[in-house]
Structure formats: C-alpha cells, structure tokens
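Contents: one structure, followed by commentary.
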Amino acid sequence: MRNVSGLQCWALQSGIPGHPLSDTTSLDTVHRLQLSLADSQWWTPRRLREHQFESLGRVAEHAWRTVPYYRTRLEAAGIRPGGVIDPERWAALPILTRREVQELSTALHSDRVPRGHGQVVSNASSGSTGMPVSVLGTTYDALICKAQTLRFHLWHEYDFERKYATIRYLPEGGATYPEGLHSQRWGDTATYPFRTGPACLLNPEASADRQLEWLRRQEPDYLMTYPSLLRSLLIESEAAGVGAPRLLKVLCTGESLPEDLPGHCQEIWGAQVIDLYSAMEVDQIAAQCPEHGNYHVQSERLLVEVLDDDGRPCRPGETGRVVVTPLFNYAMPLLRYELGDYAEVGEACACGRGLPVLRRIRGRVRNTLVTPDGRRHWPSFGTMGFRKIAPVIQSQFVQVARDRIECRLVVARPLSPAEETALLAQVSARLPWPFDLAVAYMDTLPRDAGGKFEDFRSELAT
Ligand SMILES: [Zn+2]
C-alpha cells in the first residue's frame, strides 16, 4: 500500500467510512476501535490534524453529494468534491446555528447514508433553550463514541468489577424511588465488551434526602449524575451529617461543572469529581485528562473550533464560542455547528496526549453574565455555603436587566431580614459588578424538560 496516512491507518484499523463495515455492531469492531483510540490519543497534533482534515474532506463531499442545502455553502467556500480542503477554505464556510438546524430540520438529512454506517438513529434535545432540536446519527458514529467512553473509563482507572450508580432523569420514566432500577452490568457490550460489576439507576423525582438515602443504601463505588443533582446531594449529606462510604469517583455530565463543586465533593464524600463535556446533538466532546484536569477534545470523532467574536480561532487562555463538526455523522452532517457554549482554550497537555485541550467549559451563552460595561463572566454564587446562613433549599440567579439580578430562593421557612441581608452580602461579594439584587421566594424551581438545571440564567441573552 502506498501513501498510507495517519487517517488511513486509523480508518483501516477501525473501519472508518470509505472502508465500510460489514457489521457495525460486532464486538470485533468495538475491540478494533478501542485499540485504534488507545493509539491515536498519542498522535502528534499535526497527525491528528491531518486525520481531521481528511475526514472533513470526506464528510464535506458526502454532504455536497447528498444534502442539497450544503452544496451552495460549500462551493461558496471553495470546497468541492475531489478538491483540496484546508483550514482557510474551512474557515470560509459559514457557521451553522442552532436556529438554522431547527428550521432546516429534514433539509439537513442525507438522502443516501452509506450502508456501512448502520442504522440511522434520532436524538431530540431537551429544548432547554425553548428551541428543541432533532438530530440524526448512525449506529457507526455511536459506536465510535462508545469506544471513547470506554477509553475515558480506562484513563481514570475505573475498576470494572465494582458497582456503578447513575442518578439521571429518564424521559421514558421508571427507575423511581425507593428501588430504582438494577442490572448485572454497567452498560451494553458495545461500550463494555467484557464482564462488569453491577449497576443501579435512579430517576431523581424523589426529594434530595430520599435520593441520598437510596445512594447510601446502594453503596456504589462510582456515581454518574448532573452537577446540580450532585450539589443537592452534598448539601443534604452535610446537613444530615452522613457521608457516602465506598464512593470513589463521581462522573459529572450534562451541565457545566461549577468550579467549587469538586472541592466540596472531596471534602464531604471524599470522592473525586471527573467531568465529561457533551451535547445532545454530538454526544461526547471533551473528557477530563486523568493527570492534569484539562479537557481533552475527542478529536478522532469531531473537530472542535473555539472562535472569538470576529470568528478567528482563540489562542490558549482565550474564551470563545464552541463550533463543532462531527466527522462521522453521515446521516445528518453538521458542518461548523455552533453549540451555543463558551470554552477556554488551553495549552498542550503535559500528559503527552496530542488531543487538543480546553481549559474550562464555560457553558451556554444564556448562562453568561454580562456586566453593564460589556464584560462576560461565569459567576459562582457560593451556593454550598447558603445553608450556614439560612435554610435555603434551592436557588437560582437570573440577570433580568443590565444591572439587576433576581435571586430566586426556595426556603424551608421565611428568612429573617438579617438572614436575607447576610445571604445577599455573600452573593454580592462574588459578583464582578455592584448589581442591584432582589430576592424572589418561590415554591419550586423547575428543571427543564431534560431534567437539567441552571444556577444562573440571563434573560438578556438571545
Ligand atoms: Zn492530558
């Protein structure tokens, strides 16, 4: 074979498009993917980049041929089948917004998904922005993602014989308190192609004290949940003076991770928090490094660009908008799709992995506080300390005007004026501007349709 590039090696080993699979779900495929990912994480940034641009060329060509909407866009950027695709041409391709994906919908579907990619599957977003989005994928792309999930567990030295608990919302219902749902293994054999220990799952419709009771009864070694659920469990745990014996690691996903949460988890439960950055439309995006805490972009499967306000790539230390291109979604190509998140670019990681680094995931545009002088911030409000001041059960902060923030509180009993003043003083001390603060007492603070919760939301964001 001549001129075998990095991409082709990876493709030939793993059955990447262009080399269609005869059976996309065989355990053999899973093993091959896993071996490829174990190798490609150590590729140099240059080799990874080559892999990405060759894959981009293929998915762009597929989009040009099978999704008429893209043809004009690609041609305007100078991208045609058989032509060269380079960073300059790629940067000329317009950004695809969430609103466009929502409005175009089926116009972004490929009319010829290659057979080797397996079945076409559909994912609908929770619609937490009020704009639900439906995205198609393939079982082949999902398989690569599953292999990355296993790599992530290997990075963090999970012992697969131990017990795994998950607390997350299930759109289909079930797994309710007091029992939840139990299984003999952690997940499907595509993700874990070997025997594993038992797993249990709880749908967190019950109150935090009941969730904690369930968790303590299950005695898991590992937990996966959303940061907001973890925080309410920790608050409950601290108030009750009980821990979570045996728990070693908590994998957080689904919401941006508040900076103070890992420290509180370590302090109250003695468990390490690991974060996984994902989005419904593209699944896994970046996973925390086992050695340095950086987020390694899962670059074999998707290109991540972080762009400043002028559309230029951010440098290390700069924060910008996250734009993603899944390299193997041939059912509904998303070329330069703006997720609506902000992230900070990091320097190359000292662990030696060539996977690019995001230093911080800042969360959605609507979770960004903008000061009256135009600076962006992602505040933390010291929620974990509220119980020491007053019986606050839940809280949420909403920027309702340029200079005004509403503090929405669910409380166990009415607060005294002194408690309210002390609480507001703590919040104020953490803010980058002397905002007017107003308290609004609420009966409940609902989660979105997908069960996620936002500490902070801006009504100024569009
Ligand atoms: Zn690293």
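Each reported figure results from applying straightforward, stated rules to the coordinates on display, with no laboratory input. Note that the structure is predicted; figures quoted are calculated from it, not measured. Positions of Cβ are backbone-derived with ideal geometry, glycine not excepted, and every protein chain shown enters the neighbour counts.
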Open item on the list: With an 8 Å Cα cut-off and a minimum separation of 6 or more residues, compute the relative contact order for the stretch 369-458 in percent.
Closed with: 34 percent
Task: Theoretical gain in end-to-end length, M442 to E219 [0.36 nm per residue, Cα-Cα removed] - done: 76.9 nm
Task: Contact order normalised by residue count of the chain, Cα under 8 Å, 6+ apart, percent - done: 14 percent
TODO: Compute the relative contact order of the stretch 44-95 as a whole-number percentage, counting only Cα pairs closer than 8 Å that sit 6 or more residues apart in sequence.
DONE: 31 percent
TODO: Classify the stretch 369-458 as rounded, prolate or oblate, taking a ≥ b ≥ c as the square roots of the eigenvalues of its Cα gyration tensor: rounded when a/c is under 1.5, otherwise prolate if a/b is larger than b/c and oblate if not.
DONE: oblate
Open item on the list: Can you give me the long-range amide H partners of K249? Hydrogens built in the peptide plane at 1.01 Å from N, cutoff under 5 Å, separation of 5 or more residues or another chain.
Closed with: L223, Q272
Open item on the list: Per-residue counts of other Cβ atoms within 10 Å, averaged by peptide: what ranking do you get for 55-67, 306-318, 108-120, highest first?
Closed with: 55-67, 108-120, 306-318
Open item on the list: To the nearest 20 Debye, how big is the dipole of the chain about its Cα centre, given +1 on the beta carbon of each Lys and Arg and -1 on that of each Asp and Glu?
Closed with: 720 debye
- [ ] Largest first and to the nearest Å, give the Cα extent of the chain along each principal axis.
- [x] 76, 53, 41
Task: E161/D39 FRET efficiency (R0 25 Å; Cβ-Cβ; nearest 0.05) - done: 0.45
Open item on the list: Testing the spin-label approximation: label points 7 Å from Cα along Cα→Cβ at S105 and T371. State their distance in nm.
Closed with: 4.3 nm
TODO: Give, in nm to one decimal, the length gained when the segment between E318 and A239 is fully stretched (0.36 nm per residue of separation minus the Cα-Cα distance).
DONE: 24.6 nm
TODO: At 0.36 nm per residue, minus the direct Cα-Cα distance, what do A425 and E179 gain on full extension? Give it in nm, one decimal, please.
DONE: 84.4 nm
- [ ] Could you check the simple spin-label distance between E205 and E291, using points 7 Å along Cα→Cβ, in nm with one decimal?
- [x] 4.7 nm
- [ ] Please list the non-local residues whose amide H lies under 5 Å from the amide H of V121, H modeled 1.01 Å from N, same-chain partners needing a gap of 5 or more.
- [x] G137, T138, T139
TODO: Pop the C-beta distance of L154 and S122 into the FRET formula with R0 = 30 Å and round what comes out to the nearest 0.05.
DONE: 0.50
Open item on the list: Which three extents, in angstrom, do the Cα atoms of the stretch 144-242 have along their principal axes, listed largest first?
Closed with: 39, 28, 21
